[in-house]
1. Hey, among the residues in segment 30-52 that are modelled with pLDDT under 85 and among the hydrophobic types (A, V, I, L, M, F, W, C), which one's least open to solvent (accessible area, probe 1.4 Å)?
2. Which pairs have Cβ atoms under 8 Å, sit 6 or more apart or on different chains, and link a residue in segment 161-181 that is outside any strand (DSSP E or B) to one that is modelled with pLDDT under 85 and hydroxyl-bearing (Ser, Thr, Tyr)?
3. Within segment 115-132, track down each residue that is open to solvent by 100 Å² or more (accessible area, probe 1.4 Å) and within 14 Å of residue 164 (Cβ to Cβ).
Amino acid sequence: MEGLVREEEERRMHLEAEELLRLEEEWMYRGAEERLEEERLLQKEAERLQEEQLRREEEERLLLEEVGRLEEEERLKEERLEEERLHREEERVRREEEERPRRADCTSFVRQPMSIRQRRETRDRLQELMDWMEGFKKKMEMKVKTHEDRNEPPQTSTDPLGPLPPGWEMRQTSSGRTYFNN
């Protein structure tokens with residue numbers, strides 16, 4: 001009987017060992033499945049995060065393109081406004097010039113070239129004035145000399161040379177200096 005009890009006890013221990021092995025294998029298998037499931041879940045989460053990152057990068061790229069497009073539109077709009085402002089300013093200046101009466105002053109001569117006939121007329125008038133001034137100067141010198149010889153003051157009330165050439169007049173500045181104007 002002792003042998004039977006021993007056999008029975010060995011068999012029971014053997015069954016318990018087998019049961020423990022089975023449970024251990026089952027636990028290991030379940031642990032491996034759980035780990036595999038965790039890895040699959042982690043892989044899915046990583047893929048989802050990667051897709052989300054790519055989506056965000058694409059959204060950022062699209063936003064940057066939109067900002068660039070808007071900035072370009074704003075720059076073009078500012079250029080158009082500046083061109084319109086310059087055009088309005090040019091129109092205003094042109095209208096003012098059209099409305100302003102034409103004056104015969106130095107600036108108009110600079111802007112508008114003189115014809116050959118006008119140059120000749122101007123040269124001839126200047127020559128007449130220079131000849132008259134030279135004659136006036138000589139006559140005044142002679143008059144001063146004769147008065148110096150006689151110790152008489154020169155007469156300034158009348159013009160001994162006669163009238164000026166046509167279109168010329170004699171004027172004096174506030175300081176008393178004489179000049180001639182055509």
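1. 32
2. Once the first residue is outside any strand (DSSP E or B) and sits in segment 161-181, its partners that are modelled with pLDDT under 85 and hydroxyl-bearing (Ser, Thr, Tyr) give 173/179.
3. 125, 130
The values are calculated or read from the model by the stated rules, or taken from the named source; none is laboratory data. Predicted, not measured: the structure shown is a model, and the values here were computed from it. Quick reminder, even Gly has a Cβ in these numbers, built from the backbone with ideal geometry, and neighbours come from all protein chains shown. To get the accessible areas, we keep the full protein, side chains included, count just its heavy atoms, and leave off ligands, DNA and RNA. Shrake-Rupley method; radii C 1.70, N 1.55, O 1.52, S 1.80 Å.
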